[in-house]
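Have a look at the structure below, then the notes.
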Amino acid sequence: MTNFRICAILALVTGASAFAPPAAQPVRADVALEMANGQKRKAAMKAFGKIAGIAGSFALATTAAPGAAVAAKKTVEVAETAMDAKKLIGAGAAVIAAGAVGMKVLGGEKKQDFLEANPYWDQSAVPVNVYKNKAPFTGKVVSTKRIVGPKATGETCHIIIDHKGDFPYWEGQSWGVIPPGTREKDGKPHSVRLYSIASSRYGDDMSGKTGSLCVRRATYWCPELKAEDPAKKGVCSNFLCDTKPGDEVQMTGPAGKVMLMPEEDPSTDYIMVATGTGIAPYRGFIRRLFFEKTPAAEAYKGTAWLFLGVANSDALLYDDEFQEVKSKFPDNFRLDYALSREQTNKSGGKMYIQDKVEEYSDEIFEKLEKGAHIYFCGLKGMMPGIQDMLKVVAEKKGLDYEEWLKGLKAKKQWHVEVY
């Protein structure tokens with residue numbers, strides 16, 4: 001291969017994230033390769049044999065596996081007709097797929113089992129507060145992408161951070177972020193802000209060396225100015241949403257154990273209730289149980305039921321991922337949305353998260369009676385409405401709500417993380 005071709009491929013691969021969709025669908029390499037068959041498969045393998053050694057590692061390092069799967073079909077088409085760098089450049093996004101699919105060609109799909117406890121469900125060694133405020137960890141941003149549509153209420157970003165495998169965490173934990181600079185009022189460093197981690201322990205690229213955050217940019221609308229007041233914007237959320245690849249992030253943690261999944265019984269049902277970016281820990285759960293080749297995924301026989309409340313369809317987060325799980329695992333995954341500006345509840349009012357949960361209250365109470373775990377994550381304002389609704393339902397069933405709730409907490413079936 002000429003120097004021109006090598007340089008061209010490297011240039012494409014190192015800029016691969018430009019071709020990936022903002023909310024790319026995470027599909028494993030084996031799924032991507034299944035798009036090819038017969039002569040197409042052979043052509044693809046021949047092509048990847050030549051470029052995977054160069055492009056493979058760079059593609060996986062610079063863009064998450066999701067982008068690879070999206071581009072896989074195009075790669076196969078290119079492999080049929082093109083073996084030169086010029087046509088690969090013309091294909092553009094095809095090179096992204098070389099990393100993930102090339103891995104399959106060169107050595108087979110790798111299981112996500114190298115960060116597991118023994119047995120995998122043992123939580124006795126869950127890492128907690130390994131890095132603290134006075135000695136934080138320095139991570140580097142891999143990518144920052146807006147993941148909501150133009151009509152969403154505000155901007156939400158998905159931020160992938162490289163920790164080189166030195167900052168392990170479990171699904172359901174949080175990272176602390178210390179924004180740069182000092183506070184105007186006293187000149188002291190900014191305090192730590194906690195963000196639920198939005199990826200599994202293996203990260204979006206499944207290398208075990210990255211983690212992701214789901215962050216909504218906090219802004220303040222001033223009624224007098226009739227504009228956003230930059231003096232009152234969220235310091236940390238704006239810092240994170242403005243980051244670029246290579247930017248450093250000071251981090252603490254991992255924090256918390258209240259949102260961990262109890263995996264010892266693979267038939268356990270998980271009921272996950274979120275508003276907005278409270279979806280973050282559940283994305284980690286769902287990737288672990290359905291997207292990755294983990295011991296937990298291989299054993300899981302229960303039902304994971306996700307409720308998400310947002311303002312409108314443009315504000316939905318990771319919907320493409322959840323729809324794929326729903327399609328592939330209809331017996332093990334359920335999905336319900338509460339869109340307050342697009343749907344109405346049974347009384348004709350706006351559909352909030354508590355209204356959507358109430359629609360299935362009988363089934364939810366039954367599942368909880370049988371040992372299901374219920375999780376709540378999002379703005380703290382979500383909880384009063386939910387608890388009022390649950391209390392009404394409990395009383396209709398002849399239950400003492402406080403005793404019922406006390407029982408769930410005693411059995412560790414009730415998990416809350418609000419902010």
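The values are calculated or read from the model by the stated rules, or taken from the named source; none is laboratory data. The model shown is predicted, which means the values in this text are computed figures rather than measured ones. For neighbour counting, all protein chains shown are included, and Cβ atoms are generated from backbone atoms with ideal geometry for every residue, glycine included. We work out accessible area using only protein heavy atoms, side chains counted, and drop any ligands, DNA or RNA first. Shrake-Rupley method; radii C 1.70, N 1.55, O 1.52, S 1.80 Å.
Here are a few things to note about the model shown:
- Taken over the range 124-139, the residue count meeting the criterion of being in a loop (DSSP other than H, G, I, E, B) and either open to solvent by 60 Å² or more (accessible area, probe 1.4 Å) or in contact with a Pro (Cβ under 7 Å, 6 or more places away or on another chain) (or both) is 8.
- From Gly302, Gly253, Gly276, residue being open to solvent by less than 10 Å² (accessible area, probe 1.4 Å), within 30 Å of Pro189 (Cβ to Cβ) and in contact (Cβ under 8 Å) with a residue 24 or more places away in the chain: Gly253
- Residue list for the range 109-123, restricted to those being surrounded by 13 or more Cβ atoms within 10 Å (Cβ to Cβ) and without any contact (Cβ under 8 Å) to a residue 12 or more places away in the chain: Ala117
- Of all the listed residues (Thr294, Thr252, Thr277), the sole one being of a type in the set (Ser, Thr, Tyr) and more than 28 Å from Arg193 (Cα to Cα) is Thr294.
- Matching residues in the range 126-161 - criterion: being touching a helix residue (DSSP H, G or I) at 6+ places or on another chain (Cβ under 9 Å) and farther than 14 Å from Asp242 by Cβ: Val142, Val148, Gly149, Pro150, Lys151, Ala152, Thr153, Gly154
- Residue list for the range 279-299, filter: farther than 20 Å from Asp122 by Cβ and open to solvent by 10 Å² or more (accessible area, probe 1.4 Å): Phe290, Phe291
- Search result, residues across the range 313-329 that are buried (at least 20 other Cβ atoms within 10 Å of the Cβ) and of a type in the set (Phe, Trp, Tyr): Tyr318, Phe322
- Failed item, numbered, when Val142 is tested on (1) over 18 Å from the mean Cα position of the chain (by Cα); (2) open to solvent by less than 70 Å² (accessible area, probe 1.4 Å): (1)
- Residues that are open to solvent by 70 Å² or more (accessible area, probe 1.4 Å) and either within 24 Å of Glu417 (Cβ to Cβ) or among the polar types (S, T, N, Q) (or both) within the range 177-218 comprise Thr182, Arg193, Leu194, Arg216, listed in sequence order.
- No other residue among Asp265, Asp269 is modelled with pLDDT of 95 or more, more than 25 Å from Pro384 (Cα to Cα) and open to solvent by 10 Å² or more (accessible area, probe 1.4 Å) apart from Asp265.
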